[in-house]
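Report on the following structure.
Each reported figure results from applying straightforward, stated rules to the coordinates on display, with no laboratory input. The shown structure was predicted, so the numbers you read here are calculated from the model rather than taken from an experiment. Virtual Cβ from ideal backbone geometry, glycine too; neighbours counted across all protein chains shown.
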Amino acid sequence: MKKLLIFVLLLGATAHASKIDEILIMTDESIQQTLGLYEPGAYEVTSQDFTKAAVERDLAIKTELIELRGPRNAAQQWTCVTQFVKTPKFFKVSETECK
């Protein structure tokens, strides 16, 4: 019985981790679209974490990154906040703002 409980807890943790991975993938795709950074190696994420969501939003991810292939090869730093709203099945990106 104890082994079954441990198995169920591990299975739940794995499912939770995969949902977080999906949210991070959605965040990266939204940042790429917002900044037009589609080329591999065009940017490097320096930090990424949850942040306070805006009004009427359910989740937000703050990402700090360096654009490696900017104008005249100058590295440019960006701070992007991607906002999510909860849907019946999961989350969807509502907007991404980069400064």
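Is the shape of the stretch 36-95 best called rounded, prolate or oblate, per the rule: a/c under 1.5 gives rounded, else a/b larger than b/c gives prolate, else oblate, with a ≥ b ≥ c the square roots of the Cα gyration tensor eigenvalues? Here the stretch 36-95 falls in the prolate category.
In a fully extended conformation the segment linking residue 44 and residue 92 would gain 14.9 nm over its present Cα-Cα distance, using 0.36 nm per residue.
How much FRET efficiency would the formula 1/(1 + (r/R0)^6) give for residue 21 and residue 55, where r is the Cβ-Cβ distance and R0 is 41 Å, rounded to 0.05? Write down the numbers at each step before the final one.
Working: r = 27 Å, r/R0 = 0.66.
Computed FRET efficiency for residue 21 and residue 55: 0.90.
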